[in-house]
1. Starting from the range 262-280, take each residue that is of a type in the set (Gly, Ala, Ser) and list its partners that are surrounded by fewer than 16 Cβ atoms within 10 Å (Cβ to Cβ) and in a helix (DSSP H, G or I), counting only C-beta distances under 7 angstrom and pairs at least six apart or across chains.
2. Can you pull out every residue in the range 208-224 that is closer than 16 Å to LEU479 by Cα and either in contact (Cβ under 8 Å) with a residue 40 or more places away in the chain or over 22 Å from the mean Cα position of the chain (by Cα) (or both)?
3. Across the range 339-374, what is the number of residues that are touching a His at 6+ places or on another chain (Cβ under 7 Å) and modelled with pLDDT under 95?
4. With GLY256, GLY271 as the choices, which residue is touching a helix residue (DSSP H, G or I) at 6+ places or on another chain (Cβ under 8 Å) and within 23 Å of LEU51 (Cβ to Cβ)?
5. Applying the selection to the range 29-59, what residues are open to solvent by 60 Å² or more (accessible area, probe 1.4 Å) and either in a loop (DSSP other than H, G, I, E, B) or more than 16 Å from PHE154 (Cα to Cα) (or both)?
6. Could you list all residues from the range 452-484 that are within 20 Å of LEU367 (Cβ to Cβ) and more than 24 Å from the chain's Cα centre (by Cα)?
7. So which of GLU547, GLU570, GLU561 is at pLDDT below 90 and buried (at least 17 other Cβ atoms within 10 Å of the Cβ)?
Amino acid sequence: MCGICGFSGPPDTGALFGMASVINHRGPDFHGVLETPEISLAHTRLSIIDLSSNANQPLSNEDGTAHLIYNGEIYNYRDLREELVYRGHRFKSQTDSEVIIHLYEDLEEELTTRLNGMYAFAVWDGNSKTLLLARDPAGIKPLYYTIAGGKLIFSSEIKSLLLHPEVSKEIEPAAIDGLLAVRYLPGEKTPFKKILRLPPGGRLIHHDGEFKLIKAEPLTFTDEDDRRSLDDMADEYRRILMETLKDHLNADVPVGLHLSGGVDSATLLAGISRLGAKVHTFSIGFGTKNDEHKLAEKLADQFGTVHESIIIGPEHLSLFEEIAGVMDDPVLDPILLPLYVLYRESKKTVKVVLTGEGADEMLGGYLHHRALNWWAGKGNSCIRAAASGIVPRIPPGWISKFFPYPAKVGARGRDRLASFLSSKTPGSAYLSFAHLLTPEERKDLYNDDFLSSIGPVNFESEFAEGLGDLCEKGLPALLSFDAGKWLPDYTMLKQDRLSMAHSLEGRYPYLDGRLVEFCLSLPPKARFSHNGDKSILRHAAASWLPEVAYRKKQAFYFPAEIFLSGPGSELFKEILSPERIKKRGIFKPEKIIQLIKNAPGEPLLLGKQVFGLAFVELWLQKAGL
């Protein structure tokens, strides 16, 4: 795992070194550069496989005509290396990186069809004068770019791009609106008007003054049933998972595992144990009765790991400003705080950490997956219509008892439930779950000048594109939608930034290409059954973890109510003070004051809204705006 940056055109040593220095945290072990009259490349290395200087980047082919800078891990590199050596390629290192530059010699931009891994890389071909950028199909590793003055300028992080003198810092007001709508920005756009994300699986080719973006086919889940039994599918899933774990444990540095009490990370630990490997394990909690870290400790004891539990409290709130600087492509979620601390503490012991991220996205493990699958079910429209008329008359406290979060749902949560039930389209049903702030709530908060600057863009309408076949295909359509938006632009974006801020490589076995391909082909019965969500994973884990496999999923909950009182209340009041709000010119100060006042009574929704608004303000400050 590393940081990469560069640009085409005449060299600018000051700009290149500035861009590289600001992503030093991604790779503090070695800095390498290549400058020619036509290309400038920089690499910050986090040494994981082959710690020798032979693996330093930029890496070149045998005759020095092609050059690579790369961030990620290629899990099938040993098989690829064997093929390439057989075809006459000569290697100078044992690193996975070097297979990319030699594959490029044979396949050019089609080389990505042979890679299984997480990656973002740039290849400069000195013979054809071509610059190639590429990103992995799941969007695990980030890559940003802009085109300015005929140059292609790119980097692993936005903050690095902004240090190039030709990159604009202009903010897109509609992007701020989108952030506050669903907590993240889906797709290729970023909050900066001229800066884009390379889409998952995408390739960008710059040659002879032209720019060609090649988009990958989206990850698409099947809605067709088949005759395979759940036992047979579980056996195959377990076999692929074990192969995947073996490759993900490959490192020349210590490896750890983030462990909760749930089936995703517990299955990884059980598989690792069966491989005879030893890892450090880490968990987080908040000192509340709903914490899973006690379950994690029990699992760690069962498998004999060296374990550390990290408790998050109000004393960690001061890190929010630091995190806002890390998240230069922002995500508005309080979970950033515990994850940031978890990665920070993990780095004190290990340099690579495996996590269970991706299992929910691949197998339908989230609450909104189950709810929307029911919403789209044939024959449920009459039930929805009847329930939507009853729910508004139910006391909020009653609803809270049936909701899988310990916090009070409140009157606004009840209204969201009623909105979900009365939704006429898949998009509006999805947004009833996804919204941080509804269009009406945002309009009420914005001052007139900012509201007019957003223009005619309808974020909700654009966001919901692609959900039209939910009623026909159900869960597979929803998983395909989330795989193209939620997975790369929310889940993996925050994982990348928070881990790399501490020079720690995160690995995600459930997003390995082999498992993803298998999950895309699974029939509906492998995802939902009478035993709950993620049927195939639970079935595969049952013989390893009988007590965990069918335990009801417990949502990871950030106890906002703890952080909205005492020191936390004062912190948010300071960040969102009337003076700051008025100077910023986005929100109405009196509306923010009222929201902060009401939040402790409805922490599940209003607490997240207060955090989101405060994070936007901190993020703008850190961006120098």
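1. Once the first residue is of a type in the set (Gly, Ala, Ser) and sits in the range 262-280, its partners that are surrounded by fewer than 16 Cβ atoms within 10 Å (Cβ to Cβ) and in a helix (DSSP H, G or I) give GLY271/MET242.
2. PRO218, LEU219, THR220, PHE221, THR222, ASP223, GLU224 - these are the residues of the range 208-224 that are closer than 16 Å to LEU479 by Cα and either in contact (Cβ under 8 Å) with a residue 40 or more places away in the chain or over 22 Å from the mean Cα position of the chain (by Cα) (or both).
3. Qualifying residue count, the range 339-374: 0.
4. Being touching a helix residue (DSSP H, G or I) at 6+ places or on another chain (Cβ under 8 Å) and within 23 Å of LEU51 (Cβ to Cβ) holds for just one of GLY256, GLY271, which is GLY256.
5. Within the range 29-59, ASP29, PHE30, HIS31, PRO37, GLU38, LEU51, SER53, ASN54 meet the criteria.
6. Scanning the range 452-484 gives CYS471, LYS473.
7. GLU561
Yes/no per residue for (1) touching a strand residue (DSSP E or B) at 6+ places or on another chain (Cβ under 9 Å); (2) open to solvent by 40 Å² or more (accessible area, probe 1.4 Å); (3) free of Cβ contacts under 8 Å to residues at least 40 places away in the same chain:
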| site | (1), (2), (3) |
| --- | --- |
| ALA138 | yes, no, no |
| VAL167 | yes, no, yes |
| GLU170 | yes, yes, yes |
| ALA181 | no, no, no |
| HIS206 | yes, no, no |
| ASP232 | no, yes, yes |
| ARG238 | no, yes, no |
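The values are calculated or read from the model by the stated rules, or taken from the named source; none is laboratory data. Since this is a predicted model, take the numbers as computed values, not measurements. As a convention, Cβ positions derive from the backbone with ideal geometry for all residues, glycine included, and neighbour counts pool all protein chains shown. Quick note on the areas: whole protein, heavy atoms, side chains included, nothing else; ligands and nucleic acids left out. Shrake-Rupley method; radii C 1.70, N 1.55, O 1.52, S 1.80 Å.
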